[in-house]
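**Q** To start, I am sharing the structure in question, which I have written as structure tokens.
Every number in this text was worked out from the coordinates using simple rules, so none of it is lab data. Just so it is clear, the model here is predicted, and its values are computed rather than measured. Virtual Cβ from ideal backbone geometry, glycine too; neighbours counted across all protein chains shown.
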Amino acid sequence: MARLITRRKLLLGLAASTALAGCDGGSAAKAFLAGMGRWNERVDRLLFSENRLAPEPPVSELTPETAFPSYFISDSMPFAPDNWTLKVGGMVARPAILSLEQIKRMPQTGMRIRHHCVEGWSAVAAWHGLQLRELARMVGASRDAQYVEFRSFDKGYYSTWDIESSLHPQTLLAYGMNGRPLYPDHGAPIRLYSPVKLGYKCVKYLTEVNFLPTRTGGYWEDLGYDWYAGV
Amino acid sequence: MAGSGLQILAAYPALGPRGGLYSWYPFQNDAPPSWLRFGGWLAGARHWHFAIAWFLILNGLIYLIYMIASGEWRRRVFIPTRDTSNAIAMFAYYLRIRKTPPPEDFYNGLQRMAYTSAILFGLVVVFSGLAIYKPVQLHWITAAFGGYDVARVVHLSCLVLLALFTVMHLVLVALHPRTIVTMVTGGQRG
């Protein structure tokens, strides 16, 4: 029986197409990676479920605090100004400027979570704070706001999230770690924290939360790291 | 896949969670050599790794479907009751303990064992990869491996085993160059 595609023909065809692709390696590779990146983001969004909670590791797996890395991009550790406030704006019915005390008076949520860093390490800590979905409800965030932008006082560090991940029940504006107030090395007075994104999406040293119709990027994202970065 | 994976490993060239590195691993904080890495930097390597992964999976699926649909698996898969004694005899022959090779049909027992284990490593490398890619959304896969950091160990181990398989394969082909023709053309149908 004659076969239309023999192994020999297939190999010849593959060799020819590889040679053709090689003529324009740089931009072809870039276009290929960009296309696959968009595909991966679609898969990432499909995999995400707003109801799926990250499992809580047992207390015995808590990482010793000295071993839990803490990164910032400023030359020295950023400290909050005395008159620190959190500005909540964008597509909201009731823009707000909140003090730490006001945020602490709102309903508190806690969780013990494994942190996943883009570098490949993991570490476990307990976090407590205000659910972002609670804040969105309070300020009356518009249904047309598809993205949330987080800005900080760490030398312009920022990030944007998709609205679904932002409203996940484990996405917190955390003001506490391992049962005590957040220290400056982990983003005091308030940082974003969630198990559904890689660590670099969890902006520390927050100053602003903006509900937006479009994404604005992020510090690492603008340098070439994956924007969605779902875990 | 291997090169971009090693570039990703270089960002945290250690095994085990922060504050609890595995003491049995001898290469803690030793990054893989740069000539084995691909992708330039962490973000570049991640883009390559997660792009090519789809083609690895597609390739594997086509291979598995063909193996099953064509019945070819019967010739290639290691079936312990059929192939164990042949594999031992072949191994003895390679070690020069036995003077003549055991009778074989298209593949001998040792070849079947090697190919079957390579298929298994391929399956495990894909699933352990998913376990460390989405440890929250696919947390049952991660849990099946015993957690994120264990899955990372499994993922790297599969790479080592597949690399060993490839080296063995190339060495044996170099020793028996005439097999290349059979491999490329598929050989005579029997």
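**Q** Can you compute the helix-only [θ] at 222 nm over chain A? Use -39500 (n - 2.57) per DSSP H run of at least 4 residues, normalise by all residues, nearest 500 deg cm²/dmol.
**A** Numbers: 6 runs with 62 residues, N = 231.
After summing the helix terms and dividing by the residues of chain A, the value is -8000 deg cm²/dmol.
**Q** Obtain the nm distance between the two label points defined at A:Phe32 and B:Ala143 by a simple spin-label model: each point lies 7 Å from its Cα along the Cα-to-C-beta direction.
**A** Going by the 7 Å Cα→Cβ label model, 3.8 nm.
**Q** Counting other Cβ atoms within 10 Å, which GluC sites (Glu not before Pro) in segment A:161-231 have at most 12 and lie in a DSSP loop? Before the final figure, lay out each step's value.
**A** Working: sites: A:Glu164, A:Glu208, A:Glu221; in loops: none.
For GluC sites (Glu not before Pro) across segment A:161-231 that sit outside H, G, I, E and B with at most 12 neighbouring Cβ atoms in 10 Å, the list is empty.
**Q** How much space per residue, in cubic angstrom, does the convex hull of the C-alpha atoms of segment A:46-223 take up? List each step's numbers first, then the result.
**A** Working: hull volume 21.9 nm³, N = 178.
So the per-residue Cα hull volume is 123 Å³.
**Q** What is the sum of charges around A:Pro95, taking Lys and Arg as +1, Asp and Glu as -1, for the other residues whose C-beta is under 12 Å from the C-beta of A:Pro95?
**A** Values: positive: A:Lys87, A:Arg94; negative: A:Glu208.
It works out to a net charge of +1.
**Q** Which net charge results when you count Lys and Arg as +1 and Asp and Glu as -1 among the other residues whose beta-carbon is under 15 Å from that of B:Gln111? Kindly include the intermediate steps, with their values, before the conclusion.
**A** Values: positive: B:Arg74, B:Arg75, B:Arg76, B:Arg82, B:Arg112; negative: B:Glu72, B:Asp83, B:Glu104, B:Asp105.
So the environment of B:Gln111 carries a net charge of +1.
**Q** Right, something else. Dividing the alpha-carbon radius of gyration of segment A:77-125 by 2.2 N^0.38 Å (N being the number of residues), what value is obtained?
**A** Here the Cα radius of gyration is 1.63 times the empirical estimate.
**Q** What nm value, rounded to one decimal, do you get for the distance between B:Ile97 and B:Ile79 when each label is placed 7 Å out toward the C-beta?
**A** 2.6
**Q** Please report, in debye to the nearest 20, how large the charge dipole of segment A:46-223 is about its Cα centre when each Lys and Arg carries +1 at its beta carbon and each Asp and Glu carries -1 there. Don't skip to the end; give the middle numbers.
**A** Working: 18 positive and 18 negative charges, 93 e Å.
The dipole magnitude comes to about 440 debye.
**Q** Based on other C-beta atoms within 10 Å, arrange B:Arg178, B:Arg76, B:Arg18, A:Arg42 from fewest to most.
**A** Details: B:Arg178 7, B:Arg76 14, B:Arg18 20, A:Arg42 10.
Ranking B:Arg178, B:Arg76, B:Arg18, A:Arg42 by Cβ neighbours within 10 Å, fewest first, gives B:Arg178, A:Arg42, B:Arg76, B:Arg18.
**Q** Please give the helix B:148-175 orientation as an angle from the longest Cα principal axis of chain B, in degrees from 0 to 90, rounded to the nearest 10.
**A** 30
**Q** At what distance in nm do the modelled label points of A:Val59 and B:Phe27 sit from each other, each positioned 7 Å from its Cα along Cα→Cβ?
**A** Between A:Val59 and B:Phe27, the label points sit 3.9 nm apart.
**Q** What's the angle, to the nearest 10 degrees (0 to 90), between helix B:2-11's Cα axis and the longest principal axis of chain B?
**A** 30
**Q** Further question: Picking from A:Leu167, A:Phe48, A:Gly120, whose Cα lies most toward the positive end of the charge dipole for chain A (charges on Cβ: Lys, Arg +1; Asp, Glu -1)?
**A** With unit charges placed on the Cβ atoms, the residue in question is A:Phe48.
**Q** Still on this structure, please answer the following. Summing +1 for each Lys or Arg and -1 for each Asp or Glu, what net charge is found among the other residues whose Cβ lies under 10 Å from the Cβ of B:Gly147? Please list the in-between numbers first.
**A** On the way: positive: A:Arg114, B:Arg152; negative: A:Glu61, B:Asp149.
Net charge in that neighbourhood comes out at 0.
**Q** Using the structure shown, list the pairs from A:Lys87/A:Lys155; A:Lys155/A:Lys204; A:Lys30/A:Lys197 with a Cα-Cα distance above 20 Å, or answer none. Don't skip to the answer; put the middle values down first.
**A** Details: A:Lys87/A:Lys155 17 Å; A:Lys155/A:Lys204 11 Å; A:Lys30/A:Lys197 25 Å.
Beyond 20 Å between Cα atoms: A:Lys30/A:Lys197.
**Q** Can I ask one more? Helix A:25-47 versus the longest principal axis of chain A: what angle, 0 to 90°, nearest 10, using Cα atoms?
**A** Here the helix axis deviates by roughly 50 degrees.
**Q** Something else now. Roughly how large, in nm² to one decimal, is the mean projection of the convex hull of the alpha-carbon atoms in the protein assembly as shown? Could the numbers behind the result be given before it?
**A** On the way: hull surface 104.4 nm².
Across all orientations, the protein assembly as shown yields a mean hull projection of 26.1 nm².
**Q** Which whole-number percentage describes the relative contact order of chain A, with Cα contacts under 8 Å and a sequence gap of 6 or more? If you can, show how the numbers build up before the last one.
**A** Numbers: 395 pairs, mean separation 50.5, N = 231.
After rounding, I find 22 percent.
**Q** So, how do all the Cα-to-Cα distances of chain B break down into 10 Å bins, in percent, from 0 on up?
**A** P(r) over chain B, rounded to whole percents: 8, 27, 32, 22, 11, 1.
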